[in-house]
Structures are given as structure tokens and as C-alpha cells.
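Here the structure is laid out as C-alpha cells; the discussion comes afterwards.
The values are calculated or read from the model by the stated rules, or taken from the named source; none is laboratory data. Being a predicted model, the structure only gives us computed values, none of them experimental. Heads up, the Cβs are rebuilt from the backbone with ideal geometry, glycines too, and the neighbour counts pull from every protein chain shown. For the accessible areas, the whole protein counts, side chains as well, though only heavy atoms, and no ligand, DNA or RNA atoms are used. Shrake-Rupley method; radii C 1.70, N 1.55, O 1.52, S 1.80 Å.
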Amino acid sequence: MSPAGDLGPLEVRIARKSVTNAAGQPVEVLAHLAFRLAAGEVGALIGPSGCGKSTCMRIVAGLDARFEGAVARPPGPLAMVFQEPRLLPWRSVEDNIRLAAPAVDEAELASLLKPLGLAEHRAHFPGELSLGLARRVALARAFAVRPALLLLDEPFVSLDGPLARALERELVALIGRRPVITLLVTHDVGEATRLADRIFVLSPRPATVLGEIRVERPRETISPAEARSIEDQVEALRGAA
Amino acid sequence: MAARLASLLALLAIWVAAAHFGDPRHLPGPAAVFTAMGKAAASGELFAAMGVTMARVAAAFVVAMALGSALGYAMGRRALFDQIADPWIVALLNLPALVIIVLLYIWVGLNEVAAVAAVALNKLPNATVTIREGARALDPALDEMARVFAFSPMKRLRHVVLPQLAPYIAAATRSGLSLVWKIVLVVELLGRPNGVGFEINEAFQLFDVSLLLAYALPFTAAMLVVEALVVQPFERHVSRWRPRPA
């Protein structure tokens, strides 16, 4: 296993991000939101719904350039799993993955599809898949890119518990195999605890980082007591705000 | 299917009856028309005229669809461009076909370029407004996906944009073909020395309704075949991913 240190970090410094609401007035969504992830780390942004997590994610992805501040991304490919699967409905599962990742070879594709239970769905169109399967295709597509930076915007929202947990385990296994910086947005403290090395707790609008919690590895063996302590820390940070 | 066939037979029966009781010079029966058709086909004139007209239809259609699609896409994607180009398109939409044809014949001359351009210009605004609707309805979520995964412009066009525009392109094609071939006949009647429109003008001079129908009916049939063999298979192909209703 080569050290992941040759990749640059992800540095996000957003001084201000405003949007114009329906009435035409500017609303500040993000204010002084800054954090840093080193190579190989998984970061989780958690905060109340509507606090601007997705806006932050779009800025990190480079989809929104209208903000004050700077984002330094690690060099290399970017991959994102959106809240909705965002597959091309008129292309098969395999084509969806290959279009995003033209360099992926047959062996690698098979090794991605099999653990996600997608092997027999290769030739299907996204409209023939359940939401859970479509989300897995979105995950497979993101990994096929071999990203230097992986962004996950509530990737398991609206999935039932056992399925979400199974996909979480797949995600941990895939992240462990590659030196990739992962940024996850979620409102579920448990999910953040199970997946992240660093948890950034965000305030309500305009969002800023209230505090950072480190989760010690190995994360697979986290005890219920530790998980509860992290939840308490999150609550304490929110209460102090 | 049976209803369609019965309806078609009823039309034929009315034609026979009307021809039988009316003046055969104004409305010849099917037999007379088919005889005239056979004569024109045997001399080769029917196929020569149809070939020339078909080539004009194809040229005008391709030019109008290519320019109209590009223009409609740009207008659907850029609000400022839409505001600038929209009055021109509205003016062109409402300019009578005949005015465009005559003006082009005067400005460009009685030649093939003017003929094809006149037809294309008549079809262009329809294609533009249809494709513009499609471009406005493009899914921004897929656009973002393509940006994140660094799709090249060609890949984006082929796999993201065109599949979404396909129903609009099919609609523009369908309405376009019928419009284009009707206008091509007028253009030929006014200023070309060959083609179906020219032959129909001849038939008009001679007051020969059999000859007129002998040229008009095969050409209509040919356009129906194009619709059935090209447009409909294209539509089926581009919508194959849609889950079929059970």
C-alpha cells in the first residue's frame, strides 16, 4: 500500500456565499466556512437541513463559482454522488459508468459491479432499476473514475436502514482501497461517525464550522460508547452556538 | 387497422362515384389517373420529376434543420441571445411563404440556390422554435453531472443533450417534411424548369386533372413512405430506453 501523501489536500475557505431569494433579496447562505482534509481522509459535513450543506458541496465541486473565497482541490479526477442518482436514462448501466470513466477496463468494472450487486444489471436502463440499485450505480460510476476527490451529497438518504448500512460498508471498503479524499454531506450523526475521520459540525444559516471532531480509527470497530460520546460532542457544539 | 382500410376504401368509392356522376374533365376516375400515371412512368418523366423534387426537399430540409437546430439550441440556452433573435424569428414565422420565394428569386436569381434557400427559410423558424422548447427543457441536473465527470463537448452533445432533444427533433422533422415538400412544389411552379411542381403547372396550363393527380399522388405516397421508413423508426430507436407501459 503506497502512502497517499503524494496527493495534495483539499482546502476550502469560503468567506461568503449569498443567493437571491424569490423576493429578490440577497440571503447569506455560507459565512466563514473553512476546513481542510489531508490526502486519504474522509470528512463529513453535518448540519441541520437547509443550512447550506449542498451549496457548500456544489462550490467544492466547482459547479458554483459565485462566492467569495477559494477552494484548492487535489490534482486529479473529481467524482460526485449526488442526492439523486443522476444517471443518463437513455444509456445502459454499463454505458453510464463507461462514459464517466472511459479508462476503466473490464476487470476493474467487474470488480466494482459485483460487490454492489450490479453484475446482472449491466445492460439495464436506469428506468428499470429501483432507487437503491440506481444509487449503487452512481457509487460505482464515482469509483470507476478513480477520483482524487470524491464528493458524496447525502448518498443514502431515503434508503431503508439495512440497505443504507450495507452500502456504507461497501463505501468504506472502496475508500480503504484507494488514496482518495472523501467529503460527505449528511444530517445523520451516526452515518458521519461510521464513515468519517473528521466531522465538521455546521451551524444553521448562514453556515459556518462550529467545530471539528476527530474520529479515531479503525472506524469499523467503533464502540457504542465512543459513538455516543461523539453525538454528545456534536450536541455540545450546537448548544454553544 | 380494419377501420383505416374501410375509411380508405370509402374515400376511393366516393372518388369513383363523384367521377361517374360529375364532369370527367374536372374529376377523372381512378382508372384515368392510373393510366396517366402509367404513361408518365413509362416515359421516365414521372421518376425524373420526383427525383429532382425529392433532392430539393432533402437539401432544403437538411439546411433548415441544421441551422434551425443550432439557432434554437442557442436561443434556448442563452436568454440574451433569445431576446436578440426572437423578433427575427417571429417576423420570419409570419412572413408568407410566397413573399420569401419571390423575394429570393428576385435577389438571388431564378436558380437552384434561391429555390432551396427559399424553402429552407420557410421551414427554419418552425425548426428553431421547436428545438428552442427542447433546449429550455434540458435537465440542469444532468448538465452538472457531465461537468463534474469532465465530459468533453462532443460527449455531452451526443450522450446528454441530443437524447433529450430527440423528441423535439422528431416533432420538427415530422412537421418539417410535410411543410417543406408543399413549399418545394410552389417554388418549382414559380421558377424551376423541372420537378413535380413544374409538371403540375403544365397540367394546369393544359387543364389536365388526370396528369395533375398522376404527379401529385405518387409524390404524396413517397413522402408517406419516408415518414414510415425513416421518421417512425428513428422515434422508436431514440425512445427505446423508456419503460413501456404494461
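Treating only the Cβ of Lys, Arg, Asp and Glu as charged (+1, +1, -1, -1), what charge dipole size does the stretch B:31-166 show about its Cα centre? Round to the nearest 20 debye.
Details: 11 positive and 8 negative charges, 49 e Å.
Rounded to the nearest 20 debye, it is 240 debye.
With a 1.4 Å probe and every protein chain left in place, work out the accessible area per residue of the stretch B:46-101 in Å², rounded to a whole number.
On a per-residue basis, the stretch B:46-101 sits at 54 Å².
Please list 3J(HN,Hα) in residue order for the stretch A:164-172, calculated via the Karplus relation 6.51 cos²θ - 1.76 cosθ + 1.60 where θ = phi - 60°; whole Hz, with x for glycine and proline.
Taking θ as phi minus 60°, the curve returns 4, 5, 5, 5, 4, 4, 4, 4, 4 Hz for the stretch A:164-172.
Using just the helices of chain B, give the 222 nm mean residue ellipticity in deg cm²/dmol: DSSP H runs with n ≥ 4 each add -39,500 (n - 2.57), and the total is spread over all residues, rounded to 500.
-27000 deg cm²/dmol
Return the long-range amide H neighbours of A:His187 (sequence gap of 5 or more, or a different chain), with a cut-off of under 5 Å between placed amide H atoms.
Here nothing satisfies the definition.
Quick one: what are the phi-derived ³J(HN,Hα) couplings along the stretch B:96-107, Karplus 6.51/-1.76/1.60 with θ = phi - 60°, whole Hz, x for glycine and proline?
Here the 3J(HN,Hα) series is x, 3, 4, 5, 4, 4, 5, 4, 5, 4, 6, 6 Hz.
With a 1.4 Å probe and all protein chains kept in place, how much accessible area does B:Arg56 have, in Å² rounded to the nearest 10?
Here the residue's solvent-accessible area equals roughly 20 Å².
Aspartates and glutamates near B:Lys155 by alpha-carbon distance under 13 Å, same-chain residues fewer than 8 away left out - which ones?
A:Asp95, B:Asp143
In the stretch B:131-155, what residues drop by 20 Å² or more in accessible surface going from the chain by itself to the full protein assembly, probe 1.4 Å?
B:Ala141, B:Leu142, B:Glu144, B:Met145, B:Arg147, B:Val148, B:Phe149, B:Phe151, B:Lys155
Using Cα pairs under 8 angstrom and six or more residues apart, how large is the relative contact order of the stretch A:87-146, in percent?
Once normalised by length, the contact order is 54 percent.
Lysines near B:Lys182 by alpha-carbon distance under 20 Å, same-chain residues fewer than 8 away left out - which ones?
B:Lys123
Work out the length of the dipole vector of the protein assembly as shown about its Cα centre, built from +1 on the beta-carbon of each Lys and Arg and -1 on the beta-carbon of each Asp and Glu, and round it to the nearest 20 debye.
220 debye
Return the residues of the stretch A:114-143 for which accessible area with all protein chains present is lower than in the chain on its own by 40 Å² or more; set the probe to 1.4 Å and exclude ligands, DNA and RNA.
A:Phe125
Rounded, prolate or oblate: which fits the protein assembly as shown when a ≥ b ≥ c are the square roots of the eigenvalues of the alpha-carbon gyration tensor, with rounded for a/c under 1.5 and prolate only if a/b beats b/c?
prolate
Can you return the lysines within cross-link range of A:Lys53? Criterion is Cα-Cα under 28 Å, with same-chain partners fewer than 8 residues away left out.
Within reach: A:Lys17.
Could you tell me the total accessible area buried at the A-B interface, probe 1.4 Å, in square angstrom to the nearest hundred? It would help to have the intermediate numbers written out before the result.
Working: alone 11370 and 14500 Å², together 23980 Å².
By this definition, chains A and B bury close to 1900 Å².
Please state the relative contact order of chain A as a whole percent: Cα pairs under 8 Å, 6+ residues apart?
The normalised contact order for chain A reaches 28 percent.
Could you grab the relative contact order for the stretch A:1-136? Cα pairs under 8 Å, six or more apart, rounded to a whole percent.
Reported relative contact order: 23 percent.
Give, ordered by residue number, each residue of the stretch A:72-88 whose 1.4 Å probe accessible area is reduced by a minimum of 50 Å² on adding the remaining protein chains to the chain alone.
A:Arg86, A:Leu88
Once the dipole of the stretch A:87-146 is set up with Lys and Arg at +1 and Asp and Glu at -1 on Cβ about the Cα centre, which of A:Ala119, A:Leu131, A:Ala144 lies farthest towards its positive end?
Ranked along the dipole, the leading option is A:Leu131.
Rounded, prolate or oblate, given the Cα gyration tensor of the stretch A:158-232, with a/c below 1.5 counting as rounded?
It is rounded, given that a/c, with a ≥ b ≥ c, falls under 1.5.
For the stretch A:67-75, take each phi angle, set θ = phi - 60°, evaluate the Karplus expression 6.51 cos²θ - 1.76 cosθ + 1.60, and give the result in whole Hz per residue in order, putting x for glycine and proline.
7, 9, x, 8, 10, 9, 9, x, x
Got a number for carbon plus sulfur as a percent of the stretch B:29-238's accessible area, 1.4 Å probe?
71 percent
When the Kirkwood radius is taken over all Cα pairs of the stretch B:1-55, what Stokes-Einstein diffusion coefficient follows at 20 °C and 1.002 mPa s, in µm²/s? Could the numbers behind the result be given before it?
Details: Rh = 13.1 Å.
Using the Kirkwood radius from Cα pairs, D works out to 163 µm²/s.
So who's got an amide H within less than 5 Å of the one on A:Arg16, skipping anything under 5 residues away but keeping other chains? H placed 1.01 Å off N, in plane.
Counting only residues 5 or more places away or on other chains, the set is A:His32, A:Glu68.
Per residue, what accessible area does the stretch B:105-246 have, given a 1.4 Å probe and all protein chains present, in Å²?
That works out to 49 Å² per residue.
Where the centre of each part is set by its Cα atoms, how far does the stretch B:32-74 sit from the stretch A:76-153, in angstrom?
Cα centres, the stretch B:32-74 to the stretch A:76-153: 46 Å.
From the square roots a ≥ b ≥ c of the eigenvalues of the alpha-carbon gyration tensor of the stretch B:29-238, which class results: rounded (a/c under 1.5), prolate (a/b over b/c), or oblate?
It is prolate, given that a/c is not under 1.5 and a/b is the larger ratio.
Under a Cβ-only charge scheme (Lys and Arg +1, Asp and Glu -1), can you give me the dipole magnitude of the stretch A:63-201 about the Cα centre, in debye to the nearest 20?
For the stretch A:63-201, the charge dipole is close to 280 debye.
As a check on your grasp of the helix formula, calculate [θ] at 222 nm for chain A: sum -39500 (n - 2.57) over DSSP H runs of n ≥ 4, divide by the residue count, round to the nearest 500.
One gets -10000 deg cm²/dmol as the mean residue ellipticity at 222 nm.
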